[in-house]
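Each remark here refers to the structure printed beneath this line.
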Amino acid sequence: MKNYIIYRSLIVITLMFLLWFGPIIQRVEAKENLNQGINADAYIVIDSKTGEIILEKNKNKRHYPASITKIVTAIIAIEERELNEIVTISQHAQNTEGSSLSLIAGDKISLKDLLYGIMLHSGNDGAVAIAEHISNNETEFSQKMTFFAKSIGANNTQFINASGLPNDKHYTTANDMAIIARYAMKNKVFKEMVQHKQYTYDSRLWRDELMEHEKTEAAKFGVPWEGIPKIINHNGLLGIYDGATGVKNGFTHEARYTLVGSAEKNGTEIIVVLLRSENSDTAYKDMLTLLDEGFKLNNEKANKLIANKKKELESAKEWSNKEEEIAREQNNPFKTLDKFEYMLLPGGIFSVVLFIFLIVIFIVKIKQKR
């Protein structure tokens, strides 16, 4: 009888180990396989509603953000100012390096047009103009940006400029950018803005250099070109993923390709942040893979919660029948077992100690594998 009890206890413990840790092992292997196919050095996938992290790699590793910096520039401007305010372009803004709206010192343009210009076209000159409009200068505005980031929980981020031009002291992490993007996407004005594939621009500032660039971008992203002043959204995700809702792409040689993307399906919105992907193709490939995986895992979690709820209800019904429970206790074949035999049963001291021992071995092996 004792041999039978020991044998049965070992079987139960083994089954418990497989049921508890089998799915964990599978998830670890699945994540490793996923990471092998992702080019970006760091990424994170979160549920926009809850902020829960679904997937991540190097989420707290610092990187140059490039133009996804402008997410912060834009949300501060939207929250602090009116969209119809007129911004006067300075010489400093005109001289800003990198992607440009072809602004000239003395130009007057609405804040709304500038915001669309920096979020769709990624104009660095427009970002500087916004910074100078809100603060005394770009440096002061950058300090405001850093303070804003830390105020919402993005504590591993620091900004030196409003555009995302490279600087050793200008950095962020995938986790922080997810926090920032989630915050920004709760703002209706911001969310509507980043979903536009194109935007009608101020015709007075529609210069030949800007027009030629936008005409090329229209062809690249498959947007019809009518020859009228309009800014094309450089975020290619909007045209290739069903349910895409934003957000912003970026590039510098130092940062390589950065991308913040979001999409919504069946009432669930996922936000993905990629940092340092090698090129545009790998960035969007990574984004599509992580969005699909994010929605898949979220659905699996939801289905599991529903299944567990059903089990709870079924269990409640079973336990409501007290007479059957008493009858089972009276017919319990182990009722007469001695104290040692009870120790060997599932849940007894022996089985608990063995179970803990197996857990320790499993954790050690996982750490060795890493």
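In this simple spin-label model, placing a label point 7 Å from the Cα along the Cα-to-Cβ direction at both ASN299 and GLU97 gives a separation of 4.6 nm.
Taking label points 7 Å from Cα along the Cα-to-Cβ direction, ASN266 and GLU192 give a separation of 3.0 nm. Among THR172, THR268, THR216, the sequence by solvent-accessible area, most first, with a 1.4 Å probe is THR216, THR268, THR172.
Length gained on full extension, LYS108 to PHE357, computed as 0.36 nm times the residue gap minus the Cα-Cα distance: 82.5 nm.
Largest first, the residues ILE71, ILE134 sort by 1.4 Å accessible area into ILE134, ILE71. Each of ARG204 and ARG81 was given a label point 7 Å from its Cα along the Cα-to-Cβ line. The distance between the two points is 1.6 nm. Accessible surface of LYS59, taken over heavy atoms with a 1.4 Å probe and every protein chain present, rounds to 60 Å². Relative to one another, the C-alpha centroids of the range 35-77 and the range 82-127 are positioned 26 Å apart. Working from Cα pairs under 8 Å separated by at least six residues, relative contact order for the range 203-288 is 18 percent. Estimated at the nearest 10 Å², the accessible area of PHE357 is 120 Å² with a 1.4 Å probe.
What percent do you get for the relative contact order of the range 89-164 when only Cα pairs under 8 Å and 6+ apart count? Provide the component values of the computation, followed by the final result.
Details: 105 pairs, mean separation 20.2, N = 76.
Taking the mean separation of contacting Cα pairs over the length of the range 89-164, I get 27 percent.
Sorting GLU192, GLU209, GLU254 on solvent-accessible area from highest to lowest, probe radius 1.4 Å, gives GLU209, GLU192, GLU254.
The values are calculated or read from the model by the stated rules, or taken from the named source; none is laboratory data. Nothing here was measured: the structure is a model prediction, and the numbers come from that model. Because the Cβ atoms are built from the backbone with ideal geometry, glycine has one as well, and the counts that use them run over all protein chains shown. With ligands, DNA and RNA removed, areas are computed over all heavy atoms of the protein, side chains included. Shrake-Rupley method; radii C 1.70, N 1.55, O 1.52, S 1.80 Å.
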